[in-house]
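Visitor: Take a look at this one; I'll ask things after.
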Amino acid sequence: MKYKRILLKLSGESLMGAKQFGIDNERINAYAKQIKEIRNSGHEIAIVIGGGNIFRGVQAEEGGMDRTHGDYMGMLATMINAMALQAALESNGVHTRLQSAIEMKAIAEPFIRRKAVRHLEKGRVVIFGAGTGNPFFTTDSAASLRAIEINADVILKGTRVDGIYSADPEKDKTATKFNDITFDDVYKKGLNVMDLTAFTLCKENNLPIIVFDMDTPGNLEKVLSGEPIGTVVHN
Ligand code: GTP
């Protein structure tokens, strides 16, 4: 198995499905089913999820709120999504553990790296909530950091688009998709895969990233079985 231990990064926005806000039950249930499939085929799965469907720190700052305050609210938003995903997974019969970067003992374990790894070894899906626990870091950075900490083999970035393009395919008809690309070429071409903090952490730790469309059922399993969907970023 090429990628046994994976870190799956899901965006908060994608949980909205067709809704304007919050969590679409069908969408989160579809994600849970995809995750169950790969768990059943023996992968160890950790998940980081965003919070933009509920609260975005950056927009709050535009409205005059202190950035750090908004970022902490965003971290709480990720916990709401993490709890929803935990419930969806467990209703599909998948054992999970939720760990939070900000202590909230009544609802989640604190983040303890060695415990997270133990859970993974026991076949539990581990969800990391509250980002990195620090303002000024995105959930992409949390995903990179946690992936490195748990020695994940790959980050799978589930998005609404099916990979990385040479330009925005919605604006530029000549845009072409990369099947694979190096970290250096992403920098050179100024492509937007993750924020640079997150991206650089991956590059420096030689952690490949696969960007793929998570909203098509079955894609998660296809990516892991090596089908050429999505884009692989590597050194
Ligand atoms: P192993 O002992 O390795 O099998 O792991 P375990 O997670 O089953 O053991 P533990 O006794 O630590 O946890 C039992 C349950 O309590 C799990 O559902 C944990 O997620 C939960 N749990 C553990 N620590 C905390 C905590 O600090 N807060 C909350 N809310 N739940 C916790």
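The values are calculated or read from the model by the stated rules, or taken from the named source; none is laboratory data. Keep in mind that what you see is a predicted model, and the values were worked out from it rather than measured. Please note: Cβ atoms are built from the backbone with ideal geometry, for glycine as well, and neighbour counts cover all protein chains shown. Calculation scope for accessible area: heavy atoms of the full protein, side chains included, ligands and nucleic acids excluded. Shrake-Rupley method; radii C 1.70, N 1.55, O 1.52, S 1.80 Å.
Visitor: Considering only residues of segment 94-121 that are part of a loop (DSSP other than H, G, I, E, B) and free of Cβ contacts under 8 Å to residues at least 12 places away in the same chain, which is farthest from L145 (Cα to Cα)?
Guide: Here is the first cut: in segment 94-121, the residues part of a loop (DSSP other than H, G, I, E, B) are 94-95, 101-108, 111-112.
Now narrow it down to the ones that are free of Cβ contacts under 8 Å to residues at least 12 places away in the same chain: 103, 105-106.
Details: E103: 18, K105: 22, A106: 25 Å.
So, considering only residues that are part of a loop (DSSP other than H, G, I, E, B) and free of Cβ contacts under 8 Å to residues at least 12 places away in the same chain, the one farthest from L145 (Cα to Cα) is A106.
Visitor: Looking at segment 56-83, which of the residues that are away from the ligand (no atom under 16 Å from the Cβ) and under 17 Å from the mean Cα position of the chain (by Cα) is nearest to D24 (Cα to Cα)?
Guide: Taking segment 56-83 as the starting set, the residues that turn out to be away from the ligand (no atom under 16 Å from the Cβ) are 56-75, 77-78, 81.
If we keep only those that are under 17 Å from the mean Cα position of the chain (by Cα) as well, we get 56, 74-75, 77-78, 81.
On the way: R56: 18, G74: 19, M75: 20, A77: 15, T78: 15, N81: 11 Å.
If we take residues in segment 56-83 being away from the ligand (no atom under 16 Å from the Cβ) and under 17 Å from the mean Cα position of the chain (by Cα), then N81 is nearest to D24 (Cα to Cα).
Every residue, every condition in (1) in contact with a Leu (Cβ under 9 Å, 6 or more places away or on another chain); (2) open to solvent by less than 40 Å² (accessible area, probe 1.4 Å); (3) over 30 Å from A116 (Cα atoms), yes or no:
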{"residue": "V186", "(1), (2), (3)": "no, yes, yes"}
{"residue": "G190", "(1), (2), (3)": "no, no, yes"}
{"residue": "V193", "(1), (2), (3)": "no, yes, no"}
{"residue": "L196", "(1), (2), (3)": "no, no, no"}
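Visitor: Under the condition of being within 11 Å of the ligand (Cβ to nearest atom) and buried (at least 17 other Cβ atoms within 10 Å of the Cβ), which residue from segment 118-129 is nearest to L10 (Cα to Cα)?
Guide: So, considering only residues that are within 11 Å of the ligand (Cβ to nearest atom) and buried (at least 17 other Cβ atoms within 10 Å of the Cβ), the one nearest to L10 (Cα to Cα) is I127.
Visitor: Specify the residue that is surrounded by the fewest Cβ atoms within 10 Å (Cβ to Cβ); the eligible residues are those in segment 1-14 that are among the aliphatic types (A, V, I, L, M) and either without any contact (Cβ under 8 Å) to a residue 12 or more places away in the chain or touching a Gly at 6+ places or on another chain (Cβ under 8 Å) (or both). Spell out how you get there, then give the answer.
Guide: The initial filter retains those residues of segment 1-14 that are among the aliphatic types (A, V, I, L, M), namely 1, 6-8, 10.
Narrowing the set further to residues that are either without any contact (Cβ under 8 Å) to a residue 12 or more places away in the chain or touching a Gly at 6+ places or on another chain (Cβ under 8 Å) (or both) leaves 1, 8, 10.
Details: M1: 11, L8: 26, L10: 25.
Checking each candidate, the answer is M1.
Visitor: Mind listing whichever residues of segment 141-167 are open to solvent by 20 Å² or more (accessible area, probe 1.4 Å) and within 11 Å of the chain's Cα centre (by Cα)? Full working, then the answer.
Guide: If we filter segment 141-167 for residues that are open to solvent by 20 Å² or more (accessible area, probe 1.4 Å), which is where we start, we get 145, 148-149, 151, 153, 157, 159-162, 165-167.
Of everything in segment 141-167, those that are open to solvent by 20 Å² or more (accessible area, probe 1.4 Å) and within 11 Å of the chain's Cα centre (by Cα) turn out to be K157, T159.
Visitor: Is it fair to say Y31 is in contact (Cβ under 8 Å) with a residue 60 or more places away in the chain, touching a strand residue (DSSP E or B) at 6+ places or on another chain (Cβ under 8 Å) and either surrounded by fewer than 16 Cβ atoms within 10 Å (Cβ to Cβ) or within 24 Å of I148 (Cβ to Cβ) (or both)?
Guide: Numbers: in contact (Cβ under 8 Å) with a residue 60 or more places away in the chain: yes; touching a strand residue (DSSP E or B) at 6+ places or on another chain (Cβ under 8 Å): yes; either surrounded by fewer than 16 Cβ atoms within 10 Å (Cβ to Cβ) or within 24 Å of I148 (Cβ to Cβ) (or both): yes.
Spelling it out, Y31 is indeed in contact (Cβ under 8 Å) with a residue 60 or more places away in the chain, touching a strand residue (DSSP E or B) at 6+ places or on another chain (Cβ under 8 Å) and either surrounded by fewer than 16 Cβ atoms within 10 Å (Cβ to Cβ) or within 24 Å of I148 (Cβ to Cβ) (or both).
Visitor: Within segment 97-111, track down each residue that is within 9 Å of the ligand (Cβ to nearest atom), more than 16 Å from the chain's Cα centre (by Cα) and of a type outside the set (D, E, K, R).
Guide: M104, A106, I107, A108, P110
Visitor: Hey, another quick one. Quick one: in segment 34-68, of everything that is part of a helix (DSSP H, G or I) and without any contact (Cβ under 8 Å) to a residue 40 or more places away in the chain, which residue is surrounded by the most Cβ atoms within 10 Å (Cβ to Cβ)?
Guide: The first filter runs over segment 34-68 and keeps only residues part of a helix (DSSP H, G or I), leaving 34-40, 57-62, 67-68.
Subsequent filtering for residues that are without any contact (Cβ under 8 Å) to a residue 40 or more places away in the chain retains 40, 58-62.
Values: N40: 12, V58: 12, Q59: 12, A60: 17, E61: 15, E62: 9.
Going through the qualifying residues, I end up with A60.
Visitor: Does S91 meet the test of being open to solvent by 10 Å² or more (accessible area, probe 1.4 Å) and either more than 15 Å from the ligand (Cβ to nearest atom) or free of Cβ contacts under 8 Å to residues at least 24 places away in the same chain (or both)? Before you say what the answer is, go through the steps one by one.
Guide: Details: open to solvent by 10 Å² or more (accessible area, probe 1.4 Å): yes; either more than 15 Å from the ligand (Cβ to nearest atom) or free of Cβ contacts under 8 Å to residues at least 24 places away in the same chain (or both): yes.
Criteria met by S91.
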